[in-house]
């Protein structure tokens with residue numbers, strides 16, 4: 001399944017979750033955006049050597065980095081205080097600029113570092129863990145750990161911390177639905193997929 005389809009399914013998951021909660025139009029838009037990002041997250045593990053076989057282009061990765069930068073800026077404006085707010089804003093803007101020029105693998109590496117830095121400065125565990133996820137995704141093989149149960153658990157915990165931070169019900173469900181939908185779409189459960197995912201890494205490398 002290509003990147004557009006993954007994004008659409010994730011966005012749909014966010015919209016469905018939003019309609020099961022009492023939320024404002026702005027919060028609905030936020031859940032749809034989070035679902036879109038969650039639906040794309042597993043494919044952050046694609047490196048340059050696999051470019052001929054990937055479903056997302058480097059432009060899509062740059063878009064993801066820019067979306068994260070925008071979220072950092074928004075979060076710093078609304079939740080940051082004092083020096084931490086300016087640090088978060090600065091890193092968010094820097095991330096937007098770097099994402100426009102860097103190659104895929106370098107961009108992912110620096111994106112992870114930037115997200116971790118903001119997480120530390122704002123003392124937000126979800127941001128710190130998201131940075132760790134991006135760093136891992138930049139070095140592991142495609143359709144490995146980010147496409148496994150370990151990836152689901154890790155992202156689920158990030159989403160749990162994010163929901164606690166924003167106090168918006170539905171974030172955790174949206175992230176899990178978007179992320180899991182990507183894994184299902186890439187698995188052999190769909191007959192048109194010749195390759196599957198190694199869901200049970202590191203215990204088994206068998207594709208499902």
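See the values below:
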| quantity | calculated |
| --- | --- |
| One residue from 204, 181 being in a helix (DSSP H, G or I) and at pLDDT 85 or above | 181 |
| Out of 98, 162, 128, 89, sole residue that is at pLDDT below 80 and buried (at least 17 other Cβ atoms within 10 Å of the Cβ) | 98 |
| Single residue of 173, 121 found to be surrounded by 18 or more Cβ atoms within 10 Å (Cβ to Cβ), free of Cβ contacts under 8 Å to residues at least 60 places away in the same chain, assigned to a helix (DSSP H, G or I) and touching a helix residue (DSSP H, G or I) at 6+ places or on another chain (Cβ under 7 Å) | 121 |
| Top-ranked residue of the range 160-170 - restricted to ones that are part of a loop (DSSP other than H, G, I, E, B) and in contact (Cβ under 8 Å) with a residue 12 or more places away in the chain, ranked as nearest to residue 9 (Cα to Cα) | 170 |
| Residue within the range 185-194 that is touching a helix residue (DSSP H, G or I) at 6+ places or on another chain (Cβ under 6 Å), over 26 Å from residue 23 (Cβ atoms) and not in a helix (DSSP H, G or I) present | no |
| Among (1) modelled with pLDDT under 75; (2) within 26 Å of residue 114 (Cα to Cα); (3) within 17 Å of the chain's Cα centre (by Cα), the one test that residue 49 misses | (3) |
| Residue within the range 25-34 that is surrounded by fewer than 19 Cβ atoms within 10 Å (Cβ to Cβ), at pLDDT below 80 and over 23 Å from residue 126 (Cα atoms) present | no |
| Selection status of residue 197, in the same structural domain as residue 91 (by TED's automatic domain parsing), touching a helix residue (DSSP H, G or I) at 6+ places or on another chain (Cβ under 8 Å) and crowded, with 20+ Cβ neighbours inside 10 Å | no |
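The values are calculated or read from the model by the stated rules, or taken from the named source; none is laboratory data. Since the structure is predicted, the reported quantities are computational estimates derived from the model, not experimental observations. Don't worry about glycine lacking a Cβ; one is built from the backbone with ideal geometry, like all the others, and counts go over all protein chains shown.
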